[in-house]
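Contents: one structure, followed by commentary.
The values are calculated or read from the model by the stated rules, or taken from the named source; none is laboratory data. Just so it is clear, the structure is predicted and the values come from calculations on it, not from any experiment. Positions of Cβ are backbone-derived with ideal geometry, glycine not excepted, and every protein chain shown enters the neighbour counts.
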Amino acid sequence: MCMGPTLSQRRGRRARGLCLATMLCLSAAAQSGTLNVSIVDQSGHAVEDAVVAASAADARAARPAGDTDGVIDQINKTFVPYVTAVRVGTLVRFPNSDNIHHHVYSFSPPKRFELPLYAGKSAPPVLFDKPGIVVMGCNIHDWMVGYVFVSDTPYFGKTEAKGVVQLRDLPAGEYLVRVWHPDMDNPEQPALRSIRVEDQNAVDFGWTIALHPSFHPRRAPVPTRSGY
């Protein structure tokens with residue numbers, strides 16, 4: 001009579017499998033590098049809200065998707081944040097923190113969607129399932145503009161006020177790095193650069209991009225009563 005593995009044997013196999021998985025994760029982490037990117041405009045000023053994405057020339061550099069949920073709020077008749085960077089497959093919620101109604105929409109090819117008049121948190125989430133740039137607006141407040149950069153690579157980030165972003169845990173190899181900002185002279189064509197990442201090393205580099213003048217008016221606080 002053929003007998004299957006005993007309970008102790010199954011536990012032993014499971015333990016060995018967990019140990020091997022842990023060793024592989026530690027090995028991958030030890031063989032990864034970091035990109036530190038500093039971005040300025042043509043006048044030497046730090047650029048905030050620039051998206052940096054690194055695509056590996058070698059497919060082996062793929063990694064889990066990480067966060068697959070995002071939030072874009074509406075505060076004082078503006079999208080917050082102004083620029084959002086997510087990976088393909090991310091579900092984004094659009095709460096409305098204003099005490100008025102908004103009507104969020106986009107006609108961008110990577111994601112066409114519409115959230116009819118609503119207030120509060122009642123709008124259904126939107127799945128960003130294709131890479132590209134998505135421009136959002138409000139059908140009630142024409143000045144409201146926001147952007148979603150949907151990345152097809154897991155290695156991406158957005159600069160903060162000092163114009164700096166760090167991309168971590170990149171396996172060693174060649175990467176095509178692109179920079180995008182909504183105020184670039186030609187936002188449809190991100191700036192590109194080839195970078196090599198070495199094991200356990202950090203690559204620091206600066207990048208200058210040309211931006212056209214942009215004016216984002218500060219909106220007055222919304223009324224205390226619900227409306228439009």
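Just a yes or no: is a residue in segment 53-63 modelled with pLDDT under 65, surrounded by fewer than 11 Cβ atoms within 10 Å (Cβ to Cβ) and not polar (S, T, N, Q)? Lay out the reasoning, then the answer.
In the first step, residues of segment 53-63 are kept if they are modelled with pLDDT under 65; the result is 59-63.
Next, only the ones that are surrounded by fewer than 11 Cβ atoms within 10 Å (Cβ to Cβ) stay: 59-60.
Narrowing the set further to residues that are not polar (S, T, N, Q) leaves 59-60.
Yes, segment 53-63 contains a residue that is modelled with pLDDT under 65, surrounded by fewer than 11 Cβ atoms within 10 Å (Cβ to Cβ) and not polar (S, T, N, Q).
What are the pairs, 6+ residues apart or on separate chains, where a residue within segment 148-170 that is within 28 Å of Pro109 (Cα to Cα) has its Cβ under 6 Å from a residue that is of a type in the set (S, T, N, Q)?
Pairs that qualify, where the first residue is within 28 Å of Pro109 (Cα to Cα) and the partner is of a type in the set (S, T, N, Q), are Val148/Thr84; Thr153/Ser55; Val165/Thr159.
Please count how many residues of segment 73-91 are surrounded by 21 or more Cβ atoms within 10 Å (Cβ to Cβ) and either among the hydroxyl-bearing types (Ser, Thr, Tyr) or part of a loop (DSSP other than H, G, I, E, B) (or both).
2
Does segment 165-197 hold any residues that are surrounded by fewer than 13 Cβ atoms within 10 Å (Cβ to Cβ) and more than 26 Å from Gly146 (Cβ to Cβ), and which are they?
Ser194, Arg196 - these are the residues of segment 165-197 that are surrounded by fewer than 13 Cβ atoms within 10 Å (Cβ to Cβ) and more than 26 Å from Gly146 (Cβ to Cβ).
Could you list, in sequence order, all residues of segment 188-213 that are in a loop (DSSP other than H, G, I, E, B), farther than 11 Å from Ala50 by Cα and not aliphatic (A, V, I, L, M)? Before you say what the answer is, go through the steps one by one.
Narrowing segment 188-213 to residues in a loop (DSSP other than H, G, I, E, B): 188-190, 198-201, 209-210, 212-213.
Imposing the further condition that a residue be farther than 11 Å from Ala50 by Cα reduces the set to 188-189, 198-201, 210, 212-213.
Hits for segment 188-213 are Glu188, Gln189, Glu198, Asp199, Gln200, Asn201, His212, Pro213.
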